[in-house]
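J.: Below is the structure I would like to discuss, written out as structure tokens.
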Amino acid sequence: VVELWDLDVLNAVNPAAQLEGHTDAVLGLAWNAAQANVLASASADCSVGLWDLSSARRSAALAPHGASKVQAVAWCPGRPTVLLSGGYDGRAVITDLRAPKGAV
């Protein structure tokens, strides 16, 4: 579970939202600076989650590293639809989210 906290609320007891969907530890997060409502998460459950923060729901789940854990994600600064992921398989995978099955 990824918890989102509103830092404008003083002494908050509960998170503003929770992102649920991974079945194992979340190892990395990347916020898309060009699309403020999009967050990517890397997980030990071998998936990358794409989240719509306006609804606090997962919009997509990708498996760019097959059966290997995903340890890091990062957005391309110049192309907000391009996501880089690094996995325990020793590979870095670039995925264009306009066609996510065409990972290179």
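J.: For Asp45, which of the numbered conditions (1) charged (D, E, K, R); (2) closer than 14 Å to Leu27 by Cα; (3) at pLDDT below 95 fails to hold?
T.: (3)
J.: Just the residues that are open to solvent by 20 Å² or more (accessible area, probe 1.4 Å), among the polar types (S, T, N, Q) and in a loop (DSSP other than H, G, I, E, B), please, taken from region 38-66.
T.: Within region 38-66, Ser54, Ser55 meet the criteria.
J.: Counting just the residues of region 67-83 that are small (Gly, Ala, Ser) and in a loop (DSSP other than H, G, I, E, B), which one comes out farthest from Ala42 (Cα to Cα)?
T.: Gly78
J.: Tell me, yes or no, whether region 73-88 has at least one residue that is loosely packed, with under 14 Cβ neighbours inside 10 Å and touching a strand residue (DSSP E or B) at 6+ places or on another chain (Cβ under 9 Å).
T.: Yes, there is a match, as at least one residue in region 73-88 is loosely packed, with under 14 Cβ neighbours inside 10 Å and touching a strand residue (DSSP E or B) at 6+ places or on another chain (Cβ under 9 Å).
J.: May I pose another question? Looking at region 1-25, I want the residues that are touching a residue at least 40 places away in the same chain (Cβ under 8 Å) and closer than 20 Å to Ser43 by Cα and have a partner that is outside any strand (DSSP E or B) and open to solvent by 50 Å² or more (accessible area, probe 1.4 Å) with Cβ atoms under 6 Å, at least 6 apart or on another chain. Which pairs are those?
T.: Leu4/Ala16
J.: Give the number of residues within region 26-37 that are assigned to a loop (DSSP other than H, G, I, E, B) and surrounded by 11 or more Cβ atoms within 10 Å (Cβ to Cβ).
T.: 4
The values are calculated or read from the model by the stated rules, or taken from the named source; none is laboratory data. Given the structure is predicted, the values throughout are model-derived calculations rather than measurements. All Cβ positions, even for glycine, are placed from backbone atoms using ideal geometry, and neighbour counts span all protein chains on display. Just so you know, the surface numbers come from the protein's heavy atoms only, side chains and all, with ligands and any DNA or RNA stripped out. Shrake-Rupley method; radii C 1.70, N 1.55, O 1.52, S 1.80 Å.
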